[in-house]
Amino acid sequence: DHAKAIADYFATMLDTESANPLKVLRAVPNDRRDYKPDEKSRTAWELATHIAGSDLWFLDSVCDAVFVYDPEVENKRTAELNTIDDLVEFYGREYPKRIQRLRSIPGEQLAKEVDFFGTKGPSISFLGLANNHGVHHRGQLMTYLRAMGSKVPAIYGASADEPFQGA
């Protein structure tokens, strides 16, 4: 029962939060998607596809109660996407399906102990990390936007480019 309550809490939060990645992804200019601020950095496109792919991967992994990351699988997931519009449409379509799936998983499955790259715990306990991972990479991508000639969307408050409209 506890795992199901935690899943419901996170599903509601993640569902509300899902508007923010879409705002950031939409702000990436398609003609500048190869931009990266440093040789060690990912390109805007690499970050954008990582955000979309890993958000789905985390929710699938929690629901499946198994964490196995394969970069080739992530690349295949987004390989058919050629533009920012494609990526936005993909994320907008697929992410809500994962939230719906999370809501449908039995508590026993969510409470199953898993190994997350050496850290063990109930599968459900990694939903906070899933959110934080997305926020981390979204923040990285937001720092690229002005340098790419775009505007920074308001996320948790106003930006210099957009007033905050509330959650």
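The values are calculated or read from the model by the stated rules, or taken from the named source; none is laboratory data. Computed from a predicted model, the values in this text were never measured in an experiment. No Cβ is skipped: glycine too gets one built from the backbone with ideal geometry, and neighbour counts run over all protein chains shown. These accessible areas exclude ligands, DNA and RNA; they are computed on the full protein's heavy atoms, side chains included. Shrake-Rupley method; radii C 1.70, N 1.55, O 1.52, S 1.80 Å.
Considering the stretch 122-167, the residues that are β-branched (Val, Ile, Thr) and under 30 Å from residue 106 (Cβ atoms) include one that is farthest from the chain's Cα centre (by Cα), namely 124.
Only one of 33, 103, 77 is at pLDDT below 95 and of a type in the set (Lys, Arg); which? Exactly one of 33, 103, 77 is at pLDDT below 95 and of a type in the set (Lys, Arg), namely 77. The set of residues in the stretch 1-32 being in a helix (DSSP H, G or I), more than 16 Å from residue 103 (Cα to Cα) and touching a residue at least 40 places away in the same chain (Cβ under 8 Å) consists of 20, 21, 22, 23, 24, 25, 26, 27, 30, 32. Within the stretch 57-114, the set of residues being acidic (Asp, Glu) and over 30 Å from residue 43 (Cβ atoms) comprises 108, 113.
Surrounded by fewer than 16 Cβ atoms within 10 Å (Cβ to Cβ), touching a residue at least 12 places away in the same chain (Cβ under 8 Å), of a type outside the set (Gly, Ala, Ser) and part of a strand (DSSP E or B) - does that describe any residue in the stretch 129-145? The answer is no; no qualifying residue exists. Looking for something open to solvent by 30 Å² or more (accessible area, probe 1.4 Å) and assigned to a helix (DSSP H, G or I) - is there at least one such residue anywhere in the stretch 47-54? Within the stretch 47-54, not a single residue is open to solvent by 30 Å² or more (accessible area, probe 1.4 Å) and assigned to a helix (DSSP H, G or I). Quick check on the stretch 115-124. Is at least one of its residues part of a helix (DSSP H, G or I), among the acidic types (Asp, Glu) and in contact (Cβ under 8 Å) with a residue 12 or more places away in the chain? The answer is no; no qualifying residue exists. If you check residue 73 against the conditions, is it part of a helix (DSSP H, G or I), open to solvent by 20 Å² or more (accessible area, probe 1.4 Å), of a type outside the set (Asp, Glu) and over 23 Å from residue 23 (Cβ atoms)? Taking the combined requirement at face value, the residue satisfies it. Scan the stretch 3-11 and give yes if some residue there is of a type in the set (Ser, Thr, Tyr), over 12 Å from the mean Cα position of the chain (by Cα), open to solvent by 50 Å² or more (accessible area, probe 1.4 Å) and over 20 Å from residue 145 (Cα atoms), otherwise no. For the stretch 3-11, residues of a type in the set (Ser, Thr, Tyr), over 12 Å from the mean Cα position of the chain (by Cα), open to solvent by 50 Å² or more (accessible area, probe 1.4 Å) and over 20 Å from residue 145 (Cα atoms): present. Restricting 68, 62 to residues that are surrounded by 14 or more Cβ atoms within 10 Å (Cβ to Cβ), more than 17 Å from residue 90 (Cα to Cα) and of a type in the set (A, V, I, L, M) narrows the list to 62. Across the stretch 148-157, what is the total count of residues that are more than 19 Å from residue 32 (Cβ to Cβ) and open to solvent by 70 Å² or more (accessible area, probe 1.4 Å)? Counting residues in the stretch 148-157 that are more than 19 Å from residue 32 (Cβ to Cβ) and open to solvent by 70 Å² or more (accessible area, probe 1.4 Å) gives 1.
Only one entry in 44, 19 is among the hydrophobic types (A, V, I, L, M, F, W, C), within 14 Å of the chain's Cα centre (by Cα) and either modelled with pLDDT of 95 or more or open to solvent by 40 Å² or more (accessible area, probe 1.4 Å) (or both), namely 19.
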